[in-house]
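First up is the structure itself, then whatever we jot down about it.
Please treat every number below as a calculation from the coordinates, not as lab data. Given the structure is predicted, the values throughout are model-derived calculations rather than measurements. In this analysis, Cβ positions are derived from the backbone assuming ideal geometry, glycine residues included, and neighbour counts consider all displayed protein chains.
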Amino acid sequence: MAGWTRLFGAFKVALDYKKLLLAAAGILVMAFGWWLLSVLAFSLAGRPPRVGADPERYRGANQSDKEAYANFKDQRRHWNFTYRMAGPPGVEHGQRPDVADVADTLEEYKSIDGYLNDIREKNKRLAEKLQIQARDRGQ
């Protein structure tokens, strides 16, 4: 008999229901373990870094505003990566990109943020409740 025919004997071992249940339990425990590690890693990441919250937080000794913004961008990229890898799934939980994700320099950030603030100011009246008043029609 050829040696490769011993391979068929492995199928008999694989069909043992006790071993199948053990393998299924191992898969479930591993999935739960990776999920738990993901939740722990994401909870340690905290909230995303914000530019306006504390600008001095990103500034080192004798650094300019540009260098401080570059430090902020590095921390933001790190947080975004952590969010993609370990954050909650689904669109409803998704972190939407904001100005800090789009702007590459501090000047771009200020320009885009100013433009968005202008749009918000101009559209405030859309959020106000509309009041309809009936007019008297001359009889």
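Under the simplified labelling scheme, the residue 112-residue 56 pair shows an inter-label distance of 2.8 nm, with each label point 7 Å from Cα along Cα→Cβ. Other residues whose C-beta falls under 11 angstrom from the C-beta of residue 79 contribute a net charge of +4, scoring Lys and Arg +1 and Asp and Glu -1.
Selection among 34, 97, 48 by position relative to the dipole of segment 7-122 gives 34 as farthest towards the positive end (Cβ unit charges, Cα centre). Maximal additional length on extending the residue 83-residue 120 stretch stands at 10.5 nm, based on 0.36 nm per residue less the C-alpha distance. Net charge dipole, segment 7-122: roughly 700 debye, given to the nearest 20, about the Cα centre with Cβ charges of +1 for Lys and Arg and -1 for Asp and Glu. Remark: 27, 132, 112 ranked as 132, 27, 112, counting other beta-carbon atoms within 10 Å and listing the fewest first.
Working from the alpha-carbon coordinates of segment 1-128, get Rg over Rh, Rh being the Kirkwood radius.
That ratio is 1.32, to two decimals.
The charge dipole of segment 61-121, taken about the Cα centre with unit charges on the Cβ atoms of Lys, Arg (+1) and Asp, Glu (-1), comes to about 300 debye, rounded to the nearest 20. The mean sequence separation of alpha-carbon pairs under 8 Å and at least six residues apart, normalised by the residue count of the chain, gives a relative contact order of 19 percent.
With helices as the sole contributors, the chain gives -19500 deg cm²/dmol at 222 nm; each DSSP H run of n ≥ 4 counts as -39500 (n - 2.57), and the sum is divided by every residue.
Between residue 44 and residue 28, the modelled labels are 2.9 nm apart [label points 7 Å from Cα along Cα→Cβ]. Angle of helix 65-86 to the longest C-alpha principal axis of the chain, folded into 0 to 90 degrees and rounded to 10: 40°. The angle between the Cα long axis of helix 106-122 and the longest principal axis of the Cα atoms of the chain comes to about 60 degrees, rounded to the nearest 10.
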